[in-house]
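The values are calculated or read from the model by the stated rules, or taken from the named source; none is laboratory data. Keep in mind it's a predicted model, so treat the numbers as computed, not measured. Glycine also receives a Cβ, built like all others from the backbone with ideal geometry; neighbour counts cover every protein chain displayed. All accessible areas refer to the heavy atoms of the entire protein, side chains included, with ligands and DNA or RNA removed. Shrake-Rupley method; radii C 1.70, N 1.55, O 1.52, S 1.80 Å.
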Amino acid sequence: MNSDKAKKGYERSPHRALMKAAGYTDWEIDRPWIGVANSYNAIIPGHIHLRNITEAVKAGIYAAGGLPIEFPTIGVCDGIAMNHEGMKFSLPSRELIMDSIEVMARGHAFDGLVMIPNCDKIIPGMAMAAAKLNLPAVVISGGPMMAGSLNGKPLDLNSVFEGVGAKAAGKMTDDGLLEIEDNACPGCGSCSGMFTANTMNCMMEVLGLALPGNGTIPAVHAGRVRLAKEAGRAIMSLVEKNIRPRDILTEEAFKNAFAADLALGGSTNTALHLPAIAWAAGLKISLDMFNEIGAYVPHLCSMSPGGQHHLEDLWQAGGIQALLARLLEKGLINGEVMTVTGRMLRDNLAKARVTNDEVIRPVENPYHKQGGLAFIKGTLAPLGAIVKQSAVAPEMLVHEGPARIFECEEDASRAILNNEINDGDVVVIRYEGPKGGPGMREMLTPTSAIMGQGKGGTVALITDGRFSGATRGASIGHVSPEAAVGGPIGLVEEGDIISIDIPAKKLDIMVSEEILEERRKKFVPKLQHVDSPFLSRYREFATSGVEGAVLREKY
């Protein structure tokens with residue numbers, strides 16, 4: 001065992017003495033040491049119940065003969081960090097979480113790991129740590145929040161953000177907005193739509209790093225606690241069989257993840273996190289895979305924010321396993337991949353079935369013939385950009401309009417809320433990429449304001465930053481290269497015509513190359529000011545959005 005280096009032999013007597021100071025007995029110390037990474041904190045709704053999940057995990061480990069050793073990680077609530085400097089710290093926290101788990105695991109010679117995340121950057125940060133360390137590992141999330149309700153209609157966090165836009169447009173009163181605010185988020189769990197947290201928890205299940213049910217069993221359901229106990233038992237089996245993350249995180253597993261993501265219509269942030277997890281596993285995957293796989297994998301689930309269903313609906317319809325079974329039946333995914341159950345994916349799916357054909361539609365009757373996400377390129381985005389095409393109004397799939405230029409999210413939000421954006425405009429928010437921001441902020445406030453004002457069918461938004469998984473509408477993000485490194489998005493001027501053709505996967509600036517070259521000669525980046533040493537380091541080493549915004553390893 002890996003922990004033998006810290007506990008075996010007479011020369012490790014001081015080490016054992018320190019373990020005994022923590023209350024561990026000789027027979028406990030002799031067990032496999034399983035690190036339990038608990039991301040509980042008292043501000044993220046998705047994490048406020050994780051102490052209970054952690055205790056269940058530890059019980060499972062202990063019952064199966066292991067020694068659970070709990071330690072904490074940080075976590076940022078993207079909703080609370082939204083639209084102020086706090087969002088600059090969200091994506092960079094992913095790398096910090098990965099590094100902190102490596103410090104604990106290697107510093108204490110753990111034999112295996114159970115990761116307990118639930119929200120946006122914590123999930124991929126933990127998965128990246130598992131892939132990097134390549135110790136036996138299981139991910140068990142805290143589960144999704146139940147949807148809110150008002151006057152018989154479902155609500156979620158996105159309802160509140162769009163309510164702000166409606167209030168600014170004079171379409172909603174203060175009392176009406178307060179009613180939504182009080183009812184949208186009814187309790188613990190990751191926000192109830194197919195936003196980033198829930199998309200990534202589903203991806204953990206598809207990739208095989210998490211047990212069946214991880215993505216959809218509600219946070220408040222006892223099945224979530226039972227699953228946590230099973231995760232504790234599963235890690236002991238993985239240690240015994242020496243099944244490691246890189247045995248699971250193969251190229252075929254990532255293709256399955258892309259397919260499931262497209263069928264779900266998941267968050268655009270998977271375009272950051274799936275390549276980053278692959279990078280940590282020693283693989284390189286291209287975002288062109290979204291288009292290649294999306295050409296034959298249709299959009300089967302109409303999930304909020306683009307549709308009407310929430311995670312509890314998906315759970316009741318059979319969950320991710322039922323979706324995967326439907327895809328496997330048509331040969332759209334590979335069932336010959338290992339999972340943390342110790343079995344192949346096809347074996348896990350043997351009894352899975354769909355119980356509601358509206359929540360998980362048959363492949364022959366999809367919501368859209370192509371998958372939910374599209375990777376688009378053009379003269380405005382030579383390296384690419386990402387859009388949730390399943391959440392775009394049909395009339396905005398092809399659009400041309402004048403650019404309205406903003407050098408930061410706050411300026412754009414102010415203009416939108418002051419009703420300064422006109423029908424047909426293309427809002428361009430730049431210097432919000434990994435380096436420019438720095439930190440590649442999410443843009444849920446401006447996108448939701450546009451939707452709340454009823455302009456989702458007339459106004460587009462383009463940025464080198466990114467979007468919350470709750471975003472819908474003609475919102476194109478991750479534009480690369482970003483403005484901070486001289487990308488064409490930095491050369492756009494007020495009034496330039498921007499051409500968007502999502503079916504053709506094109507994003508262009510309708511300005512001649514000669515004019516762009518003249519602008520390029522005069523170009524000086526306008527990086528946003530930071531007074532944080534941490535963000536300054538991140539800016540120095542961050543790669544582009546289409547590379548997963550991971551940090552360069554060579555200095």
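Against the definition (of a type in the set (A, V, I, L, M), crowded, with 18+ Cβ neighbours inside 10 Å and in contact with a helix residue (DSSP H, G or I) (Cβ under 8 Å, 6 or more places away or on another chain)), how does Ile80 come out, yes or no?
Working: of a type in the set (A, V, I, L, M): yes; crowded, with 18+ Cβ neighbours inside 10 Å: no; in contact with a helix residue (DSSP H, G or I) (Cβ under 8 Å, 6 or more places away or on another chain): yes.
No: the conditions fail for Ile80.
For the stretch 212-255, how many residues meet the condition of being within 22 Å of the chain's Cα centre (by Cα) and either buried (at least 20 other Cβ atoms within 10 Å of the Cβ) or free of Cβ contacts under 8 Å to residues at least 60 places away in the same chain (or both)?
Residues of the stretch 212-255 that are within 22 Å of the chain's Cα centre (by Cα), as a first pass: 212-220, 224, 227-228, 231, 245-246, 248-255.
Within this subset, residues satisfying the condition of being either buried (at least 20 other Cβ atoms within 10 Å of the Cβ) or free of Cβ contacts under 8 Å to residues at least 60 places away in the same chain (or both) are 212-219, 224, 227-228, 231, 245, 248-249, 251, 253-254.
Selection size over the stretch 212-255: 18.
Let's see how each residue does on (1) in a loop (DSSP other than H, G, I, E, B); (2) open to solvent by 10 Å² or more (accessible area, probe 1.4 Å); (3) under 28 Å from Gly452 (Cα atoms):
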{"residue": "Arg472", "(1), (2), (3)": "yes, yes, yes"}
{"residue": "Gly477", "(1), (2), (3)": "no, no, yes"}
{"residue": "Ala484", "(1), (2), (3)": "no, yes, no"}
{"residue": "Gly495", "(1), (2), (3)": "yes, yes, yes"}
{"residue": "Pro503", "(1), (2), (3)": "yes, yes, yes"}
{"residue": "Val511", "(1), (2), (3)": "yes, yes, no"}
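Out of the residues in the stretch 513-531 meeting the condition of being touching a residue at least 12 places away in the same chain (Cβ under 8 Å) and not in a helix (DSSP H, G or I), tell me which one is most open to solvent (accessible area, probe 1.4 Å).
The qualifying residue most open to solvent (accessible area, probe 1.4 Å) is Lys526.
Restricting the first residue to the stretch 269-291 and requiring it to be closer than 12 Å to Ala127 by Cα, which pairs with a second residue that is at pLDDT below 95 and part of a helix (DSSP H, G or I) meet a Cβ separation below 7 Å and a spacing of at least six or different chains?
As it stands, the answer is Pro275/Glu547, since those pairs meet every condition given.
Name the residue that is nearest to the chain's Cα centre (by Cα), counting only residues in the stretch 392-414 that are in a loop (DSSP other than H, G, I, E, B) and under 22 Å from Thr445 (Cβ atoms). Spell out how you get there, then give the answer.
Here is the first cut: in the stretch 392-414, the residues in a loop (DSSP other than H, G, I, E, B) are 392-393, 397, 407-408.
From what is left, the residues that are under 22 Å from Thr445 (Cβ atoms) are 392-393, 407-408.
Numbers: Val392: 19, Ala393: 23, Glu407: 25, Cys408: 23 Å.
Among those residues, the one meeting the criterion is Val392.
Taking Asp357 and the conditions (1) surrounded by 20 or more Cβ atoms within 10 Å (Cβ to Cβ); (2) over 19 Å from the mean Cα position of the chain (by Cα); (3) not aliphatic (A, V, I, L, M), which numbered condition does it fall short on, given that it satisfies the others?
Answer for Asp357: the failing condition is (1).
Please verify whether Thr73 is open to solvent by less than 20 Å² (accessible area, probe 1.4 Å) and either farther than 19 Å from Ser141 by Cα or touching an Asp or Glu at 6+ places or on another chain (Cβ under 8 Å) (or both), treating the condition exactly as stated. It would help to see each step written out before you state the result.
Details: open to solvent by less than 20 Å² (accessible area, probe 1.4 Å): yes; either farther than 19 Å from Ser141 by Cα or touching an Asp or Glu at 6+ places or on another chain (Cβ under 8 Å) (or both): no.
For Thr73, the condition - open to solvent by less than 20 Å² (accessible area, probe 1.4 Å) and either farther than 19 Å from Ser141 by Cα or touching an Asp or Glu at 6+ places or on another chain (Cβ under 8 Å) (or both) - is not met.
Suppose we filter the stretch 456-470 for residues that are buried (at least 24 other Cβ atoms within 10 Å of the Cβ) and either at pLDDT 90 or above or not in a loop (DSSP other than H, G, I, E, B) (or both); how many remain?
Restricting attention to the stretch 456-470, the residues satisfying the condition of being buried (at least 24 other Cβ atoms within 10 Å of the Cβ) are 459-470.
Still in the list and also either at pLDDT 90 or above or not in a loop (DSSP other than H, G, I, E, B) (or both): 459-466.
Qualifying residue count for the region: 8.
Out of the stretch 157-199, which residues are under 22 Å from His309 (Cβ atoms), among the hydroxyl-bearing types (Ser, Thr, Tyr) and open to solvent by 20 Å² or more (accessible area, probe 1.4 Å)? Outline the logic, then answer.
Residues of the stretch 157-199 under 22 Å from His309 (Cβ atoms): 157-163, 180, 183-199.
Within this subset, residues satisfying the condition of being among the hydroxyl-bearing types (Ser, Thr, Tyr) are 159, 190, 192, 196, 199.
Scanning the stretch 157-199 gives a single hit, Ser159.
It is to be established whether one or more residues within the stretch 256-263 are in a loop (DSSP other than H, G, I, E, B) and open to solvent by less than 10 Å² (accessible area, probe 1.4 Å). I'd like the intermediate steps shown before the answer.
Just the residues of the stretch 256-263 that are in a loop (DSSP other than H, G, I, E, B), to begin with: none.
No: the stretch 256-263 contains no residue that is in a loop (DSSP other than H, G, I, E, B) and open to solvent by less than 10 Å² (accessible area, probe 1.4 Å).
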